[in-house]
1. With +1 on each Lys and Arg Cβ and -1 on each Asp and Glu Cβ, and nothing else charged, work out how big the dipole of region 3-134 is about its Cα centre, in Debye to the nearest 20.
2. Could you tally the net charge around I154, taking each other residue with its Cβ under 10 Å from the Cβ of I154, Lys/Arg +1 and Asp/Glu -1?
3. Give me the net charge for the shell around E86: Cβ to Cβ below 14 angstrom, other residues only, Lys and Arg +1, Asp and Glu -1.
4. Between beta-carbons, use under 13 Å as the cut-off and find the net charge around V33, counting Lys and Arg +1, Asp and Glu -1.
5. Work out, step by step, the length gained on full extension between L134 and I30: first 0.36 nm times the residue separation, then minus their alpha carbon distance; give nm to one decimal.
6. Check which residues have an amide H placed less than 5 Å from K60's amide H, if you skip close sequence neighbours.
7. Just report the Cα centroid separation between region 69-130 and region 1-43, whole Å.
8. Please rank V28, V78, fewest neighbouring Cβ atoms within 10 Å first, as an exposure proxy.
Amino acid sequence: MKRILLADDHSFIRLGLIQILKDEYPSVEIKEVGDGDALVKEVMQQDWDLVISDLDMPGKNGLEALEQIKLLKPKLPVLILSVFTEDLYAVRVIKAGASGYMNKNAAPYELVTAIQRILLGRKYITAEIAEKLLSNPDADKKPHELLSNREFEIFKMLALGKTISQIADSLSLALTTISTYRGRIMEKLNLSTNSELTRYAITNHIISDINL
């Protein structure tokens, strides 16, 4: 019997995923959690065949949880789901140790295909992402692709209009730490103001103006 740990902060998303999983694996055992902290705690306490995790969750996000899971149980396969397109996060999560990355808009049969591949010990990635992983020198990358995972998260929050103090509270970091990150981000992107940063994020489809 397969044991799958499912992490998503939206109960209706979890419900839909559970139905897909039970249709394919009637005897599957599924445990639900609603945030990254609870996800890591469950991984520490029990053994699982597969983790399916949302990327954007309150507290510890999916990418941070993934990094901790890989330290705790390096062989545990993790499939990351997200509303963000592959070009924004797929390479990041695969390099962090994920077994696959999938957009939430994908058809249910694609999720089943991904799970089947991953449970066989293989990766689930598109040909485009595989090519990026094999040959994508820094010279060909956009400036935001050179940001670290933490820098990228803070970059998105700044672009969405979050203040330094709001970001510090959200990430449980000091104000000075967030200010330092902001300085690094601005330098790497060659920007001077938050409004320029927001325009950059919209132009590169990292956020949408409807999010503002």
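1. The dipole of region 3-134 has a size of about 440 debye.
2. Summing Lys/Arg as +1 and Asp/Glu as -1 gives +3.
3. Working: positive: R92, K95, K104, K123, K132; negative: D87, E110, E128, E131, E145.
Neighbour charge sum, excluding E86 itself: 0.
4. Around V33, the surrounding residues sum to -3.
5. 34.0 nm is the gain from fully extending L134 to I30.
6. G36, D37
7. 15 Å
8. Result, fewest neighbours first: V28, V78.
Bear in mind these aren't lab numbers, they're just calculated from the coordinates by the rules spelled out. The model shown is predicted, which means the values in this text are computed figures rather than measured ones. Backbone-built Cβ (ideal geometry, glycine too); neighbour counts: all protein chains shown.
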